[in-house]
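Notes follow once the structure below has been shown.
The values are calculated or read from the model by the stated rules, or taken from the named source; none is laboratory data. A quick note: this is a predicted structure, and the numbers were derived from the prediction, not measured. Cβ: placed from backbone, ideal geometry, glycine included. Neighbour counts: every protein chain shown.
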Amino acid sequence: MGIGWKKFLAKYGLTFFGFYVVAFFLLVTMANSREFPTFPGDILINPGSFRIYLPFTSAGAFAVFFLIIIEIYKNMR
């Protein structure tokens, strides 16, 4: 059934984690100036003017997207 989780983590784990941290940081810092749609799994607390946004799923989606783009680039060279 495709690539196993252990093989995936061995091959892409560090890169995925790096993209995840960068995407999480960018989404959190830009959340006050932009209205992002949230995925199921993201936490958005907005009581009045104070806002907390923790994009756990969105950062994962961006990390997977960046990882796919990098792998496509490597294979197309």
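When the residues of the stretch 11-50 are narrowed to those that are among the aliphatic types (A, V, I, L, M) and part of a strand (DSSP E or B), which ends up farthest from Ile70 (Cα to Cα)? Only one residue tops the list, namely Ile45. Of everything listed in (1) within 14 Å of the chain's Cα centre (by Cα); (2) surrounded by 12 or more Cβ atoms within 10 Å (Cβ to Cβ); (3) closer than 16 Å to Glu71 by Cβ, the single unmet condition for Phe8 is (1).
Exactly one residue out of Ala31, Ala23 is at pLDDT 90 or above and surrounded by 13 or more Cβ atoms within 10 Å (Cβ to Cβ): that is Ala23.
Residues are listed down the side, and each one gets a yes or a no for (1) surrounded by fewer than 12 Cβ atoms within 10 Å (Cβ to Cβ); (2) in contact with a Leu (Cβ under 6 Å, 6 or more places away or on another chain); (3) without any contact (Cβ under 8 Å) to a residue 12 or more places away in the chain:
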{"position": "Phe39", "(1), (2), (3)": "no, no, no"}
{"position": "Leu44", "(1), (2), (3)": "no, no, yes"}
{"position": "Gly48", "(1), (2), (3)": "yes, no, yes"}
{"position": "Ile52", "(1), (2), (3)": "yes, no, yes"}
{"position": "Thr57", "(1), (2), (3)": "no, no, no"}
{"position": "Val64", "(1), (2), (3)": "no, no, no"}
{"position": "Ile69", "(1), (2), (3)": "yes, no, yes"}
